[in-house]
1. Condition check: within 14 Å of chain B (Cβ to nearest Cβ) and out of contact with any Lys or Arg (no Cβ under 9 Å at 6 or more places or on another chain). Does A:Ala91 satisfy that?
2. Hey, A:Leu110 hits all of (1) modelled with pLDDT of 90 or more; (2) within 24 Å of A:Ala31 (Cα to Cα) but one; which does it fall short on?
3. Considering only region B:104-120, state which residues are closer than 25 Å to A:Gln11 by Cβ and either small (Gly, Ala, Ser) or at the interface with chain A (Cβ under 7 Å from one of its Cβ atoms) (or both).
4. Given the criterion within 14 Å of another protein chain (Cβ to nearest Cβ), farther than 30 Å from B:Arg116 by Cβ and in contact (Cβ under 8 Å) with a residue 12 or more places away in the chain, identify the matching residue among B:Ala66, B:Ala56.
5. Would you point out which residue out of B:Gln224, B:Gln206 is over 29 Å from B:Gly93 (Cα atoms) and either surrounded by fewer than 16 Cβ atoms within 10 Å (Cβ to Cβ) or within 14 Å of chain A (Cβ to nearest Cβ) (or both)?
6. From the residues in region A:65-88 that are in a helix (DSSP H, G or I) and at the interface with chain B (Cβ under 7 Å from one of its Cβ atoms), which one is nearest to A:Ala146 (Cα to Cα)?
7. Of everything in region B:123-141, what is within 11 Å of chain A (Cβ to nearest Cβ) and surrounded by fewer than 24 Cβ atoms within 10 Å (Cβ to Cβ)? Give them in sequence order.
8. For region B:75-97, state whether one or more residues are part of a loop (DSSP other than H, G, I, E, B), on the phi < 0 side of the Ramachandran plot and without any contact (Cβ under 8 Å) to a residue 12 or more places away in the chain.
Amino acid sequence: MKALILTDLYQLWINFKFYAVFIVVALGIAAFSNGDSDLGFFFPMYAVLMCSMMGMSLVQLDEASRWNVCAQTLPCSRRDQVTGKYIVTMASFAATWLPFVLLYAVLAILGRMAWQTVAVQSVLLLIVGLLAPAFSLPPLFRWGTARGRVIYIFLVILMAAGIGGLASGLATLDLFALPALPMPLLAVLAVAVPAALFIGSWALSVRWYDKREL
Amino acid sequence: MNAIELRGLEKSYEGFHLGPLDLDLPAGCILGLVGENGAGKSTTIRAILGIIKPDAGEASVLGAPAGPDMRQAKQDMGVVLDEVGFPAGLRAGQISRIMAAAYKNWDQGLFDKYLRDLDIPTDKKFSALSRGNRMKMGIAAALSHDAKLLILDEPTGGLDPVVRDEVVSLFSDFTRDPGHSILISSHIVSDLEKLCDYIAFLHKGQLLLCEEKDRLLEEYGLIQCDKAFLDSLAPGAVRGTRETPYHVEALVRRDAVPAGTDVRPVTIEELFVLLVKGDMQ
C-alpha cells in the first residue's frame, strides 16, 4: 500500500499543487473578513470541499492512465487500492480543515469570532469534508468514473431534494416543543455520524471494487 | 513444479467464450500464447493475474491460487500488460521509487542500467514517451525486482525490429536461470519462435493445441500438391489448407502422409495461420 499512497502523493503534487495556493488565499480571506462573516465561511467551505474530493480526482486520473489496472499487478490487493484512496482523501481533508480550525481559534482568542461560532463552523466543515467523499467514492469504485460520476450527481440531486423536503417539513414543526438534545450529545453526534458514514463508505467501496471487472 | 497451471478456466462475455482452458507452464520454460485479435490471449492473462474473475475453473501461479490478493506470488512476478499504465505525469525516477516501495527486491541499479541500455529518456513524463518507450519502461520495471516469472501481454508490440530483437534477447537471458519462467502472448509469431519452448494456439477462445515448439515443428510439415492428392490422404492427416491459383498448400502431420511425399518444414507462423484456416474450414 506504501507504493500506492506514494503514487497518489506524486499525483497530488503534479496535478493539484495550485490548490495549496488557493487554500492560502482562502485562509487570508477568512482571516481578514472575520470567520463568522459569509465570506469567512464560504471560502473555507469551498476549500475543504475541493480537497476532500481529491480521492475522486485521483480515481479519475488512475483510470485515465490505466494505473488502476497496472496497480493490480503489484503486490497489493484491491482492498489496498481502495484504502489508499481513503487515506489520501483523509490526509488531504485534514491538511485543509486543520489550518481553518486553527485560524478560527486564533480569531476567537483575538476576540474577532465567538467560540460558539468556531465550534459550529469547524463541525460543519468536518461534516462536509467527510460526507462529500463518503458519497462520491463508492459509485466510482463500483461503476468507474464515467458511470460513477453520473450516479453520484444523481445521488446529490436526490439528497438535495430530500434535504429540501425535510426542511419544509421541519418548517411546519414547532421545534421548541420537541425535547432538546443536550449540547455535548449533539456535538458528538455531529462528528460521529459523518465519521461512521465515511467508514461505512470505505467498507462499501472495498466490497464493490472487489467485485468489479477492470 | 509448474509456474502456471490452468484447469478448466472459463470466462464469458457477450459474443465471446474463453475455454475451458487447461494449460501448464513448467518452471524454467517459456510458453508463447499465439492467437489472432480477440482470441482470448489478454483475457487469459488477466484471469491469471486476478484482474478479471473466471466464471469457472482454477488457476495457480507459482503455487498460489491466482487472484487479486496473491501478494507473495506477485512479489515474484514481473508483469507487462499490452498497455503499460504508469501514471501519466510521472518520470522514471518517481516510477522507480514507487516500484522500490512495492517490491522487496527492487534493484535501483539494475533499473537504471535497463533505462540506459534500452535508451529510455529519463527526463520525460511517462505520457510524453512514445508507445515503444512506454513498453520498454514497463519491461525494465518487470525485470528489475528479481522476478521468477514474467507474464507479458504483447510486450513487443510497438517496438521497432532492432529494439524488438534486444528485448527478445533480454527475455532469453532471463530464462538462463533454470528457475525463471515466462508466459508471453504476441501477434509477432517470429519473436515467439525465437524465444519459446512451448507454444499454445488460441482461436476464438478455444485452445487449438499446446505443444513443445520443437515437437510441433517435427510433427507438422507443409506440402504443395493438387486437390486430387489432397483428397487421397488419410482423414486427420491434413490440419489446414491454403489454395493458390497454381496449387494447394496443406499443413499435414508428417507421420500421416505417404512415404516419399515432399514435406517441407513449417514455421510457427505458417502453422498457426493454417491451423486457424483449417479450423474455419
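The values are calculated or read from the model by the stated rules, or taken from the named source; none is laboratory data. What you see is a predicted model, and the numbers here were worked out from it, not measured in a lab. Here Cβ is always computed from backbone atoms with ideal geometry, including for glycine, and neighbour counts include all displayed protein chains.
1. Criteria not met by A:Ala91.
2. That leaves (1) as the condition not met.
3. Answer for region B:104-120, where residues must be closer than 25 Å to A:Gln11 by Cβ and either small (Gly, Ala, Ser) or at the interface with chain A (Cβ under 7 Å from one of its Cβ atoms) (or both): there is none.
4. Exactly one of B:Ala66, B:Ala56 is within 14 Å of another protein chain (Cβ to nearest Cβ), farther than 30 Å from B:Arg116 by Cβ and in contact (Cβ under 8 Å) with a residue 12 or more places away in the chain, namely B:Ala66.
5. Criteria check complete, one pass: B:Gln224.
6. Among them, the one singled out is A:Ser65.
7. B:Lys125, B:Phe126, B:Ser127, B:Arg134
8. The answer is yes, given that some residue of region B:75-97 is part of a loop (DSSP other than H, G, I, E, B), on the phi < 0 side of the Ramachandran plot and without any contact (Cβ under 8 Å) to a residue 12 or more places away in the chain.
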